[in-house]
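Let me begin by presenting the structure, written as structure tokens, before commenting on it.
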2 protein chains.
Amino acid sequence: MRVLGVDPGLTRCGVGVVDGAPGRPLAMVACGVVRTPAESEVAQRLLQIEQGLELWFDQYRPELVAVERVFAQHNVRTVMGTAQASAVAMLCATRRGIPVTLHTPSEVKAAVTGNGRADKAQVGAMVTRLLRLDAPPKPADAADALALAICHIWRGAATDRIAAAVARTSGPGARPKEYRR
Amino acid sequence: MRVLGVDPGLTRCGVGVVDGAPGRPLAMVACGVVRTPAESEVAQRLLQIEQGLELWFDQYRPELVAVERVFAQHNVRTVMGTAQASAVAMLCATRRGIPVTLHTPSEVKAAVTGNGRADKAQVGAMVTRLLRLDAPPKPADAADALALAICHIWRGAATDRIAAAVARTSGPGARPKEYRR
């Protein structure tokens, strides 16, 4: 499956595309960031993020999209922009009928490093190793987006197995697709 | 000028359209809400808000859009959805090349009641009076959206006058349009 991960942000929106399946080697397809100028109005920046993400969707045609779940934390000013950028990413995917899953930062860290409190360097190192890259992807937002995609490939697979098991025990009335979201 | 006001929210996104100019009577064109079911996924709800708002833009063709500026306040869970719904509204407008202005709740209250800390009932009463309606618009989100549009007609006019004055004194190099945003 091909997953496009989005690490949302107004200034740098990280994007990473990974091909993979559980138990098989992962392959990086592409990664990068959509940037918008801090001096622009928020409405314009959201439009630029939409236009930038649309190009990624057009070019790489992901089957699934993973977006970081945003929490209101320390920096309230930043978190608003992050929430709004994540809304744009969700909208781009849903408009195309692509299922979107949200993962928390600790879910992503735990998936790629085994430790939900791992730091950025550790996440970058594991993304580099898992994708067999020569160096950690730069900027960190791109590496985080790849980590999200990897997390989704692995976690999504687990929930798919659970969904299949539920479907087997509960018969044709079950709707395993819902477990993916 | 015709202004479409948006009081953003995931469950009820208020929309109000007002025609007017400073010093002249205001006229309500339409008001209502775009609703999305609380049990749906956020990504789906954002898509439904986009589809709902697009119908309003298609039908009423506003020249300007006013959106409530979202702050992270008490209820962190709600504010994320509000920020995301406001992102969708900004995106719908900007995609059509319609200028978007954000107004804080206290700017709106001060504009329509003279008091930045007025309560919902007072705002509803003044919206009813200013638009010469028989009763306060329901639900409150629709009334708030109308108040946003009224606020923009009045405040926007003031900033337009300032922009025009600046343009007169600073010559052809000035770009008065920027002051509107």
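When you restrict to C-alpha pairs under 8 Å that are six or more residues apart and normalise by the size of segment A:15-63, the relative contact order lands at 29 percent. Along its three principal directions, the equivalent ellipsoid of segment B:65-136 from the Cα gyration tensor extends over semi-axes of 24, 18, 11 Å, largest first.
Computed from backbone phi with θ = phi - 60° and the Karplus coefficients 6.51, -1.76 and 1.60, the 3J(HN,Hα) list for segment A:33-41 is 9, 9, 9, 9, x, 4, 7, 7, 5 Hz; x is used for glycine and proline.
Going by accessible surface with a 1.4 Å probe and the largest first, A:M80, A:M1, A:M126 read A:M1, A:M126, A:M80.
In plain terms, the C-alpha convex hull of segment B:1-124 casts an average shadow of 7.8 nm² when viewed from every direction. Averaged over the residues of B:48-57, the number of partner chain Cβ atoms lying within 10 Å of the residue Cβ comes to 1.
The values are calculated or read from the model by the stated rules, or taken from the named source; none is laboratory data. Everything numeric here is computed off the predicted structure, so don't read it as measured data. Cβ sites come from the backbone with ideal geometry, for glycine too, and all protein chains shown count toward neighbours. These area figures cover heavy atoms from the full protein model, side chains too; ligands, DNA and RNA do not enter into them. Shrake-Rupley method; radii C 1.70, N 1.55, O 1.52, S 1.80 Å.
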